[in-house]
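*Asks:* I'd like to ask some things about the structure below.
Just so you know, all these numbers are worked out from the coordinates, no wet-lab data involved. Just so it is clear, the structure is predicted and the values come from calculations on it, not from any experiment. A quick note on method: Cβ atoms are made from the backbone with ideal geometry, for glycine too, and the neighbour counts reach across all protein chains shown.
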Amino acid sequence: MPVLDAEFTKLSISGMLATRISYMNDLADVAEKLGIDIAHVRDGMAADSRIGESYLHSGAGFGGENFSHDI
């Protein structure tokens, strides 16, 4: 893979993971208002093999070892 393609791939992966966390943050907000336990929702989502359990915990979700290089 050419270097530019690899760099774009890396940034695309970071964006996808950040999107997952942002989505969980939004779901957690709605779940709290509805009295729903987001942990149960997260467990159900993680059980779907197409989704898995990675990056399903709500939180800041921004950082990592490449943080300084990516901003």
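*Asks:* Separation between the Asp37 and Glu7 pseudo-spin-labels, each 7 Å from Cα along Cα→Cβ, expressed in nm?
*Replies:* Distance between label points: 4.7 nm.
*Asks:* Calculate the spin-label point distance for Ile51 paired with Ser14, positioning each point 7 Å from the Cα along the beta-carbon direction, and give it in nanometres.
*Replies:* 2.6
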